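*Asks:* Just passing along the structure, written as structure tokens.
The values are calculated or read from the model by the stated rules, or taken from the named source; none is laboratory data. Note that the structure is predicted; figures quoted are calculated from it, not measured. Reconstructed Cβ throughout: ideal geometry from the backbone, glycine too, with neighbour counts over all protein chains shown. Protein only, heavy atoms only, side chains kept; ligands, DNA and RNA dropped before computing areas. Shrake-Rupley method; radii C 1.70, N 1.55, O 1.52, S 1.80 Å.
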Amino acid sequence: MAALAVALVLSTLVIVGLLGLMAVQARTTRNRPAEIPNAFRCKVAIAPDSSAVTYEWPRRVSYAVWVHDVLVVFDGYARTRVRPYAVHFADGPVAPMIRPARGLSSRPVVMSLELDDGRHALVAASRSSRVLMAGPFLAALVSTDGVTASNDRSAD
């Protein structure tokens, strides 16, 4: 009977230890995309098809980084899902959002993109990340009235 109790206690300690290691690994994996140079917090909404005009923002905030003209997005709970989006061109300037997406700053900005496969996407990020969000499409930082959006010194 005592041997059974000792075995039960040992197995419980092993299980608790393994769960602790898994939690540490998940936390490390979750924070890793934030440490990539030029990575920024964002939300990416993809239109369901090329004719749709409706977008649904994901619940969680992701991290993204530009690699040439490909937006690489790290999402999922532990940020273990990697989604590359090959971008054909930026479809307009970086602009303030009318209805802010939850989880970003109080005054986020949004940029519309056309992907290589013909779909349309919206990328939203905090105002302080607008240059990183524009990535290779720096012309998107120029507003339609000719004043560069990067001259906006207002706080988030």
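*Asks:* Let me make sure I get this right: for the range 73-121, a, b and c are the square roots of the gyration tensor eigenvalues over alpha carbons, sorted descending. Under 1.5 in a/c it's rounded, otherwise prolate if a/b > b/c, else oblate. Which is it?
*Replies:* Oblate is the answer for the range 73-121, as a/c is 1.5 or above yet b/c matches or exceeds a/b.
*Asks:* Additional query: What is the spin-label model distance, in nm, from Leu8 to Val72 if the labels are put 7 Å beyond Cα along the C-beta direction?
*Replies:* In this crude spin-label approximation the distance works out to 5.0 nm.
*Asks:* Please compute the contact order of the range 51-129 in relative form: average sequence separation of alpha-carbon pairs under 8 Å and at least six residues apart, divided by the residue count, as a percent.
*Replies:* Result for the range 51-129 is 21 percent.
*Asks:* Taking the Cα centre as origin and putting +1 on Lys and Arg beta-carbons and -1 on Asp and Glu beta-carbons, what dipole magnitude results for the range 35-140, to the nearest 20 debye?
*Replies:* 640 debye
*Asks:* Using a 7 Å offset from the Cα along the Cα-to-Cβ direction at both Arg119 and Asp91, what is the distance between the two label points in nm, to one decimal?
*Replies:* 1.2 nm
*Asks:* List the trypsin sites (Lys or Arg not before Pro) within the range 61-116 that DSSP assigns to loop and that have no more than 16 neighbouring Cβ atoms inside 10 Å.
*Replies:* Sparse-neighbourhood loop trypsin sites (Lys or Arg not before Pro): Arg102.
*Asks:* Counting heavy atoms of the protein chains only and a 1.4 Å probe, report the per residue accessible area for the range 79-126 as a whole number of Å².
*Replies:* On a per-residue basis, 53 Å².
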